[in-house]
Amino acid sequence: PEGVNVIGFGLSLERPTMIKYKIDNIRDLVGHKVNLDMVKKNPICRIEKTGGVSERQLQVLNKRYDNIESRLGYIQQKLKNLGIKTDSNSLASNSSQSSLPLDIVIRMNPARACRSPVYAVKLLRKAYSVFTSNHTHSSVNKPGSVQLPETGVERGVAEVKVTLIYANVNNTEVAIGNTHIQGDGNLLRYVTRLVDERKDTGLYETLPKPQLHAVDDIIDRLTNTSKHNVTTLVSGQLSKHNFLLPQADRPNLADILAASLSEEHGLGGGAVSAWIKRVNQVL
């Protein structure tokens, strides 16, 4: 009203946004004349001191993953209320070829970047067309040292899509649809079963029962992924044999898991390095 003095103030988000995106007319940013196609195609504005376009796009993807996980959790709770199980009983159906294309999402702490996801991709490529992608969740500052290799397969035509997300988790977590499993050993078990549906790998469940039980025993012992435990187990077995199972003439799933953990901890030496090389020759 006339004769009334006021002070106007605010966060002034529009002007920094105009500077950041080189917009010289505020009417192109707010108001009824804004180009809606521009709004639709551009990500949410983030005013940061550092970070380029790729970093902003990655942060947008992280938010999408968070939303998807939240929705999946809500759906899973609804199914549970209806008496429908979505955990261990659904794992077998998720691993069947009829459920292709299949999405495998691996969440790993960057402080302990095990190479088991890389080995898993190598196994999958024996029988499936595979697409891979790597992301870093906003809960951590930077990714780990391990990255999934590019496969040259487009996402739209891949039978299996493997996503590695570095996040603030205690153990390796794997999501296949509504099914969740934990641990590097269980990831490799699942992947080997999946590959065996098309091609006998001879690495796990098709082994003779005594060998299968011995492999399971080693994988269970490697649930403790500490450097001391891995070093003790690997060095003890390789001092007597070429592989972790006595009298074995080729590697099995226990060797693959132990090799991935050995690489994580930087274990080397003549016998260990030669063994890791032999393991990689079957992948």
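The values are calculated or read from the model by the stated rules, or taken from the named source; none is laboratory data. Note that the coordinates shown come from a computational prediction; the quantities given were computed from them, not determined experimentally. Ideal geometry is used to build each Cβ from the backbone, glycine not excepted, and the neighbour counts take in all protein chains shown. Accessible surface is based on the protein model in full, side chains and every heavy atom, while ligands, DNA and RNA are left aside. Shrake-Rupley method; radii C 1.70, N 1.55, O 1.52, S 1.80 Å.
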Original post:
Based on Cα positions only, what radius of gyration and what Dmax would you give for the range 140-222, in angstroms?
Top reply: 15.3, 46
Subject >> Accessible surface, 1.4 Å probe, highest first, among residues 265, 180 >> reply: 180, 265
**OP:** Enumerate the calculated ³J(HN,Hα) couplings along the range 266-275 in order (Karplus 6.51 cos²θ - 1.76 cosθ + 1.60, θ = phi - 60°), each rounded to whole Hz, writing x wherever the residue is Gly or Pro.
**Re:** x, 6, x, x, x, 5, 5, 4, 5, 5
Subject >> Candidate residues 232, 163: accessible-area rank, largest first, probe 1.4 Å >> reply: 232, 163
Original post:
For the range 25-38, in order, what is each residue's ³J(HN,Hα) by Karplus, 6.51 cos²θ - 1.76 cosθ + 1.60 with θ = phi - 60°, in whole Hz (x at glycine and Pro)?
Top reply: 10, 5, 5, 7, 10, 9, x, 6, 9, 5, 6, 5, 5, 5
Original post:
Pairs 63/122; 209/240; 40/161; 122/161; 126/161: which exceed 18 Å Cα-Cα?
Top reply: 63/122; 209/240; 40/161
Original post:
Karplus couplings for the range 208-217 from phi (6.51 cos²θ - 1.76 cosθ + 1.60, θ = phi - 60°), rounded to Hz, Gly and Pro as x?
Top reply: x, 3, x, 5, 4, 5, 5, 5, 4, 5
**OP:** Check the straight Cα-Cα distances from residue 22 and name the aspartates and glutamates below 13 Å, setting aside those fewer than 8 residues away within the same chain.
**Re:** 14
Original post:
Could you give the nm distance between label points at residue 17 and residue 100, where each point is 7 Å from its Cα heading toward the beta carbon?
Top reply: 4.5
